[in-house]
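Student: I am attaching a structure below and will ask some questions about it afterwards.
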Amino acid sequence: MAIRDIVLYPDAPLKQKAESYDVFDGEVAALAADMFETMAEFDGCGLAGPQVGVAKRIVVLRDPAEGKEMCLINPEILEGDGEEVGEEGCLSLPAVFAEVPRKTRIRLRALDEHGEPLEFEATGMLARIIQHETDHLDGKMFIDRLDVLTHEAKMQEWLEVRRQLRPNEGVA
Ligand code: NI
């Protein structure tokens, strides 16, 4: 197991659509183990493949209510309803937080890291985390869910944070 580096927005492959898994070998489970370790190290509640530089449809998360950890491969939100606004942050946009609208209840289908099928319903914070992480697999960040003006304000905030985190970076 190893702690992986976190990709910062807008670096590749965060903005691209991640690829599905069709083969389950030890590599998937090994990546999942690294991602669980990385999530714990950075105190996150979810982490998606693109955030560790892997453009594949894999997510790990920790259910904040039960403390249970799960890995979701090729997750698909089958249906959802309700809308609720709540605060989100992201390890790829550290120190930036915003109120993001999400579905209150979702039904999800996925595989676990060994290729076993899962189907379940999630509500509240767990539903929010799953929606945030599956968005990453489609190249979307939580700030992309905000209205135009708030998005712009959060981008300015982030550029300032990034300048402090990476002072030696050239201006693109
Ligand atoms: Ni995120």
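The values are calculated or read from the model by the stated rules, or taken from the named source; none is laboratory data. Everything quoted here is computed from the prediction, not taken from an experiment. Virtual Cβ from ideal backbone geometry, glycine too; neighbours counted across all protein chains shown. Side chains included, ligands, DNA and RNA excluded: accessible areas come from the protein's heavy atoms. Shrake-Rupley method; radii C 1.70, N 1.55, O 1.52, S 1.80 Å.
Student: Ranking request for peptides 50-60, 114-124, 31-41: highest mean number of other beta-carbon atoms within 10 Å first, then the rest in descending order.
Tutor: Per-residue mean Cβ counts within 10 Å order the peptides as 50-60, 31-41, 114-124.
Student: Let me ask you something else. Restricting to Cα pairs below 8 Å that are 6+ residues apart, what does the relative contact order work out to for the chain? Please round to a whole percent.
Tutor: Relative contact order here is 22 percent.
Student: In nanometres, what is the gap between the two model label sites at residue 41 and residue 23, each 7 Å from Cα along Cα-to-Cβ?
Tutor: Calculated label separation equals 2.7 nm.
Student: Hey, another quick one. Per residue, how much accessible area does region 26-165 have with a 1.4 Å probe, in Å²?
Tutor: That works out to 46 Å² for each residue.
Student: How many percent of DSSP beta bridges within the chain run antiparallel, rounded to 5?
Tutor: The antiparallel fraction comes to roughly 95 percent.
Student: Under 18 Å between alpha carbons, and skipping anything fewer than 8 positions from residue 103 in its own chain: which lysines qualify?
Tutor: 140
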